[in-house]
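J.: Questions regarding the structure given below will be posed in turn.
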Amino acid sequence: PRGHRTDTLDALNPGIENCMKVAAHSRREISAPSRFDTETQRWQAIRRRDPAADGHFVYSVRTTGVFCRPSCSARPARSENVAFHVSAADAKQAGFRACKRCRPDEPPRPQREADLVARACRAIESAEQVPRLGELAALCGLSAQHFHRLFKRVTGVTPRSYAIARRQRRVQET
């Protein structure tokens with residue numbers, strides 16, 4: 001029935017809108033005043049693994065030669081082995097390498113994931129036929145299962161549902 005297709009498209013609209021929002025995702029700007037100005041505040045943020053502190057500073061560990069985000073899930077180092085840096089570039093210049101777990105020299109994880117999903121959405125929208133899950137996953141450099149979970153978590157719909165809804169929308173517009 002015709003009404004059923006419209007209902008399905010309307011039900012998928014939040015996912016489509018999420019994908020569009022993801023594509024337009026902007027980076028967070030850091031304001032000048034910070035609640036992480038003192039060493040004590042910074043150390044507390046590390047102990048809490050406070051994601052709000054990400055982007056305000058990074059910390060390095062002398063014994064490992066690694067620098068991390070404050071929210072990194074790695075075991076916290078002893079305070080006498082920790083130094084604070086304003087940015088990842090400062091920590092690199094001091095001779096430390098980026099943590100492989102939290103990747104402080106890259107954009108935050110939610111932004112990296114949003115960029116991958118936006119790339120997949122653009123590929124779906126520009127394709128004549130619905131792309132296979134494996135093709136989309138390969139485009140993003142992920143396994144098919146991981147890509148499927150990521151896409152659904154970010155947009156609220158599966159890649160196939162998104163592709164079908166986009167196709168229906170194109171047909172309705174013409």
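J.: Given points 7 Å out from each Cα along the Cα-Cβ axis, report the residue 160 to residue 173 separation in nanometres with one decimal.
T.: Once both label points are built, they end up 2.5 nm from each other.
J.: Beyond 22 Å, how much of the Cα-Cα pair distribution for segment 59-172 remains, as a whole percent?
T.: Value for segment 59-172 (Cα pairs over 22 Å): 49 percent.
J.: A follow-up question, please. Rounded to the nearest 10 Å², what accessible area does residue 96 have for a 1.4 Å probe in the complete protein model?
T.: About 40 Å², ignoring ligands and nucleic acids.
J.: Skip the ligands, DNA and RNA, and give the accessible area per residue of segment 68-174 with a 1.4 Å probe, whole Å².
T.: 60
J.: Moving on. How much FRET efficiency would the formula 1/(1 + (r/R0)^6) give for residue 87 and residue 153, where r is the Cβ-Cβ distance and R0 is 35 Å, rounded to 0.05?
T.: 0.75
J.: Starting from the 7 Å offset along Cα-to-Cβ, what nm value, one decimal, do you get for the label separation of residue 119 and residue 80?
T.: Here the modelled spin labels are 4.5 nm apart.
J.: What is the extension gain from residue 138 to residue 100, computed as 0.36 nm multiplied by their sequence separation minus the C-alpha to C-alpha distance, in nm to one decimal?
T.: The residue 138-residue 100 span can extend by a further 11.5 nm.
J.: At 7 Å along the Cα-to-beta-carbon direction for both residue 126 and residue 39, put a label point, then send me their distance in nm to one decimal.
T.: Computed distance between label sites residue 126 and residue 39 equals 5.1 nm.
J.: Now for a different question. In segment 50-136, what percent of the accessible surface is made up of carbon and sulfur (1.4 Å probe, ligands and nucleic acids excluded)?
T.: Within segment 50-136, the accessible surface is 47 percent carbon and sulfur.
The values are calculated or read from the model by the stated rules, or taken from the named source; none is laboratory data. This is a predicted model, so every value here is computed, not measured. Glycine gets a Cβ as well: all are built from the backbone with ideal geometry, and neighbour counts include every protein chain shown. For the accessible areas, the whole protein counts, side chains as well, though only heavy atoms, and no ligand, DNA or RNA atoms are used. Shrake-Rupley method; radii C 1.70, N 1.55, O 1.52, S 1.80 Å.
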